[in-house]
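The block underneath contains the structure these notes are about, expressed in structure tokens.
The values are calculated or read from the model by the stated rules, or taken from the named source; none is laboratory data. Note that this is a predicted model, so its numbers are computed, not measured. Quick reminder, even Gly has a Cβ in these numbers, built from the backbone with ideal geometry, and neighbours come from all protein chains shown.
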Amino acid sequence: MRSEPMIAVDDVQASSAWYCALLSAEHDHDSDEFDRILKDGQLLLMLHHWGSDEHGGSMFEKGKGNPGNGVVLWFLVPDLDLVFEKAKSMGAHIVTEPFENPLAHWREFSLRDPDGYTLAIAEATWED
């Protein structure tokens, strides 16, 4: 089982470029309506333009609340410092600087994407 999150954004191509730069990822659609962000062939995130009613109307009404209210997108990365430096160089809105999370036993930081979604980036090792 796995999760494939999708978020609604104002500018799919700009958001796609932002996520690809931050996460050293690639995308596989070149559309104003939809894109997928992938890393080493694994799907990380789907982006959809606001105004779509094909997903139960959840992306149809932009302006009803803050984007991502109650949602944090987590990304586990092998090199937190590299991603943090990229975020700073991109002028990203850093919410929390890198810190040791004693409950999770890893380092993490958080930031906001161009649409206002909160991202948590954690340095973690895992086995496939």
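Annotations
- When residues of the range 1-27 are limited to those that are in a loop (DSSP other than H, G, I, E, B) and at pLDDT below 95, the one surrounded by the most Cβ atoms within 10 Å (Cβ to Cβ): Asp11
- Identity of the residue in the range 75-104, touching a Pro at 6+ places or on another chain (Cβ under 8 Å) and more than 15 Å from Trp18 (Cα to Cα), that ends up surrounded by the most Cβ atoms within 10 Å (Cβ to Cβ): Leu80
- Only a single criterion out of (1) of a type outside the set (S, T, N, Q); (2) in a strand (DSSP E or B); (3) at pLDDT 95 or above is not satisfied by Asp81, namely (2).
- Among the residues of the range 26-38, the one identified as out of contact with any Leu (no Cβ under 6 Å at 6 or more places or on another chain) and within 20 Å of Leu111 (Cα to Cα) is Leu38.
- Put simply, of Arg107, Arg112 the only residue that is surrounded by 11 or more Cβ atoms within 10 Å (Cβ to Cβ), among the charged types (D, E, K, R), free of Cβ contacts under 8 Å to residues at least 40 places away in the same chain and under 17 Å from Ala14 (Cβ atoms) is Arg112.
- Residues satisfying the stated conditions in the range 8-22, i.e. under 11 Å from the mean Cα position of the chain (by Cα) and without any contact (Cβ under 8 Å) to a residue 60 or more places away in the chain: Ser16, Cys20
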